[in-house]
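Read through the structure below, which is laid out as structure tokens, and then see the notes.
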Amino acid sequence: MTDTIRAREQRTGWILLIPALLVLLLVYAYPILRSFWLSLFTQNLGTELQPVFSGLENYGRMAQDGRFWQSIINTTVFTISSLILELILGMAIALVLNQAFRGRSTVRTIAIIPWALPTALIATTWAWIFNAEFGVWNDILMRLNIIPEGQGINWLGEPTLAMMSVIAADVWKTTPFISILLLAGLQSIPEDLYEAHAIDGASAWQSFRQITLPLLMPQILIASLFRFAQAFGIFDLIAVMTGGGPAGATETVSIYVYATIMRYLDFGYGAALVVITFLVLILAVALAAVLLSKTRTALRG
Amino acid sequence: MTTTHPSAYPAAKTDRAFSLRKVLLTIGVIFVVVFSLAPILWQVLTSIKVNADIAAIPNVYFPRQFTLQHYIEIFNRRPFLNYMLNSFFVAATSTLLCLALGTPAAYALARLRVPGERFILALVLIVTLFPYILLFIGLLEIVRATGLANNYLALIIPYTAINIPLTILVMRSFFQQLPRDLEDSAKVDGYNTWQMLVRILLPLTTPALVTTGILAFIAAWNEFIFALTFITRESMKTIPVAVAQISGTAVFEIPYGALAAATVVGTLPLVILVLLFQRRIVQGLTAGAVKG
């Protein structure tokens, strides 16, 4: 009797699951497996777009491809810088939003807005702010006498400055995501922990270090993992702000993959690039999962 | 704190600490507001300035003369209304689809004993981390093979898929919070699983569905790379691609005013969503990320 109920429950379960799983297989599993397969072929203008089996040649080519390594370096610089800045800023904003003050719920609403806006549109906004001729950022710096009048900086035209500009835009756009998650974490820390700690004579900084940070570690790790993956695959912000320029200084892996396929019609090599990006991500996820389960057990213990 | 242990804190010190804290907090709040709003505000100001003010050096911060010419331009000289409707149609359809497909799956994962449940859940979680560029080659092939280029389905299907993991995570955590008695008593009353789902659980899930739906709608409205590649016909483009191309088409003279107006119009629906549903967005994001 219980067996049949359980069997029926299982069958219902599968019927409920299968439509969603089929869509996920079509849009996630198939393209990724297909990229693994395609990466073993050369399929570009040289082969008249016909797939020709070439084994691991595409991967060998990658090792020699300076532009690929540059894009890896750019992606790493972009990801790590924006992640660190977003964590610091996101934590500061979450701490402010966790205090009691008048109009708090309005300020919380305002603080979410950047996260919700379309990245491609925000990219045009920041390109305008960093515009070399009419940009308001140059204007502010001149009014503050930080740079001399009439010598506006070409933010998006210099390699290092362009990287800093896209990082600034990304930090603005995605810090709210981190502060939302950290704020939720802060709200779950019981107030009496701080009170007991203050009675013991701890300073605010000490209680931040000894209570807030350790208890917030799961949220910090989860937010970092999400942001790492998103920043690592960044496309729209950079495609619109700099197009990967100047001279490839902001070309991330995604931008390079897109150009390899859509501009150079080099499908096999593009697929190999996708495979490597995929493997790096999986590695990072595994690492984060291990760290996360460790901090969780440490917190419980 | 101080009232219970006055000896630990001399009064003068507490007062100073208290006012310092107040000053810091005020600075912090002002910083958060300015940080979050200034870039958008600058775009709004640019959009209502005349061209002479936009290109003025040093910059004119507050327009000396208001104009709506940039707004009129994007609706008259460009099919901006079309772009908005395209975005709305694609985002709304894919949102409804991902709720319809994801919610039953979430229920199965929350309540029914399905073999491999943990494995499926882990996969769903990992998939939320994949950047779209990973899916891009395979989807491009599918779109070409099925002749779906310049068909809204080429966007609706991927957008549905990218929002299903979120739907599963948020709705599953919602179903787990529901008391089990509800379903048990429904079963005692002779409902089968389907009837119980539709008549009892569905009305209860409306708030969670709205939460998930808002997040899915925002993600679909904002998607760029698929929209850029799979839709090339001008009249079918969505907002992010259309706006990005305003700045891309004219290399020498970018129409900054029109671009600003387009950004304002394209972001307005989302700003309204945030203003109306701030709490739900926060709940959804935390449920989707943390509890999964």
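Values computed for the structure shown
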{"item": "Listed residue (A:Thr175, B:Ile281, A:Ser254) projecting farthest to the positive dipole end of the protein assembly as shown, Cβ model", "result": "B:Ile281"}
{"item": "Computed magnitude of the charge dipole of chain B (debye, nearest 20; Cβ of K, R +1, Cβ of D, E -1)", "result": "540 debye"}
{"item": "Exposure ranking of B:His70, A:His197 by accessible area [1.4 Å probe, largest first]", "result": "A:His197, B:His70"}
{"item": "Overall Cα dimensions of region A:134-280 - principal axes, largest extent first, Å", "result": "65, 49, 18"}
{"item": "Cα centroid separation, region B:212-285 to region A:149-181 (Å)", "result": "20 Å"}
{"item": "Å² per residue, accessible surface of region B:208-247 at 1.4 Å", "result": "22 Å²"}
{"item": "A:Leu283-A:Glu195 pseudo-label distance in nm [points 7 Å out on the Cα-to-Cβ vector]", "result": "5.0 nm"}
{"item": "Approximate spin-label separation B:Leu275-B:Thr67, in nm, with each point projected 7 Å along Cα-to-Cβ", "result": "2.6 nm"}
{"item": "Local electrostatic count at B:Val274 - Lys and Arg +1, Asp and Glu -1, tallied over other residues with Cβ under 15 Å", "result": "+4"}
{"item": "Carbon/sulfur fraction of accessible area - the protein assembly as shown, other protein chains in place, 1.4 Å, %", "result": "66 percent"}
{"item": "B/A buried area, accessible surface, summed, 1.4 Å probe, Å²", "result": "8500 Å²"}
{"item": "Net charge over other residues, Cβ less than 14 angstrom from the Cβ of A:His197 (K, R count +1; D, E count -1)", "result": "-3"}
{"item": "Cut-off 20 Å, label 7 Å out along Cα→Cβ of A:Arg11, residues of region B:168-206 by amide N", "result": "B:187-188, B:190-198"}
{"item": "Where chymotrypsin sites (Phe, Trp or Tyr not before Pro) fall in DSSP loop in region A:1-110, at most 13 other Cβ within 10 Å", "result": "A:Phe101"}
{"item": "Whole-angstrom gap from region A:248-301 to region B:116-140, using each part's C-alpha centre", "result": "12 Å"}
{"item": "Estimated dipole of region A:67-300 in Debye, rounded to 20 [Cβ of Lys and Arg +1, of Asp and Glu -1, Cα centre]", "result": "480 debye"}
{"item": "Sites A:Arg67 and A:Ala132 - FRET efficiency at Förster radius 25 Å, r taken between beta-carbons, to 0.05", "result": "0.45"}
{"item": "Most mobile of B:Tyr132, B:Tyr152, B:Tyr191 in a GNM of chain B (Cα contacts under 10 Å)", "result": "B:Tyr191"}
{"item": "The protein assembly as shown - charge dipole about Cα centre, Lys and Arg +1 at Cβ, Asp and Glu -1, debye rounded to 20", "result": "1160 debye"}
{"item": "Of B:Leu140, B:Leu97, B:Leu37, the one that fluctuates the most in a GNM where chain B has Cα springs shorter than 10 Å", "result": "B:Leu37"}
{"item": "Label-point separation, B:Asn150 to B:Phe75 (7 Å along Cα→Cβ), nm", "result": "2.8 nm"}
{"item": "Kyte-Doolittle mean at least 1.0 and Cα axial length at least 20 Å: DSSP H helices in chain A", "result": "A:66-97, A:159-187, A:213-232, A:267-300"}
{"item": "Pairwise FRET efficiency - A:Phe101 versus A:Thr297, Cβ, R0 = 30 Å, nearest 0.05", "result": "0.25"}
{"item": "Exposed-site-free run, longest, chain B (rule: trypsin sites (Lys or Arg not before Pro); DSSP loop; at most 12 other C-beta within 10 Å)", "result": "B:114-232"}
{"item": "Positive dipole terminus of region A:136-214, leading residue within A:Gly150, A:Val136, A:Pro190 (C-beta point charges)", "result": "A:Gly150"}
{"item": "B:Ala52-B:Phe31 FRET efficiency (beta carbon distance; Förster radius 25 Å; 0.05 resolution)", "result": "0.15"}
{"item": "Residue with peak Gaussian network fluctuation, chain A [Cα springs, cutoff 10 Å], from A:Leu265, A:Leu40, A:Leu193", "result": "A:Leu193"}
{"item": "Helical mean residue ellipticity (222 nm; -39500 (n - 2.57) per DSSP H run of 4+; nearest 500) of the protein assembly as shown", "result": "-23500 deg cm²/dmol"}
{"item": "Stokes-Einstein D in µm²/s, Kirkwood radius over Cα pairs - the protein assembly as shown at 20 °C with 1.002 mPa s viscosity", "result": "82 µm²/s"}
{"item": "Charge dipole (the protein assembly as shown, unit charges on Cβ, about Cα centre) - positive-most of B:Met236, B:Ala108, B:Asn150", "result": "B:Ala108"}
{"item": "Binned Cα-Cα distances of region B:78-291, short to long, each 10 Å bin given as a whole percent", "result": "8, 29, 31, 20, 9, 3, 1, 0"}
{"item": "Local electrostatic count, B:Tyr132, Cβ distance below 14 Å [Lys/Arg +1, Asp/Glu -1]", "result": "-2"}
{"item": "Average beta carbon contacts from partner chains per residue of B:194-201, 10 Å cutoff", "result": "1"}
{"item": "Span-rule helices in chain B, defined as complete DSSP H runs reaching 27 Å or more along the axis (Cα) with Kyte mean at least -1.0", "result": "B:11-47, B:80-111, B:153-177, B:202-222, B:256-286"}
{"item": "Within region A:1-100, GluC sites (Glu not before Pro) in DSSP loop having at most 16 other beta-carbon neighbours inside 10 Å", "result": "A:Glu48"}
{"item": "Listed residues A:Met142, B:Met171, A:Met262 arranged by accessible area, highest first, probe 1.4 Å", "result": "A:Met262, A:Met142, B:Met171"}
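The values are calculated or read from the model by the stated rules, or taken from the named source; none is laboratory data. Since we're looking at a predicted model, the values are computed, not measured. Positions of Cβ are generated from backbone atoms using ideal geometry, with glycine treated the same way; all protein chains shown enter the neighbour counts. Side chains are part of the model used for accessible areas, which takes the heavy atoms of the whole protein and leaves out ligands, DNA and RNA. Shrake-Rupley method; radii C 1.70, N 1.55, O 1.52, S 1.80 Å.
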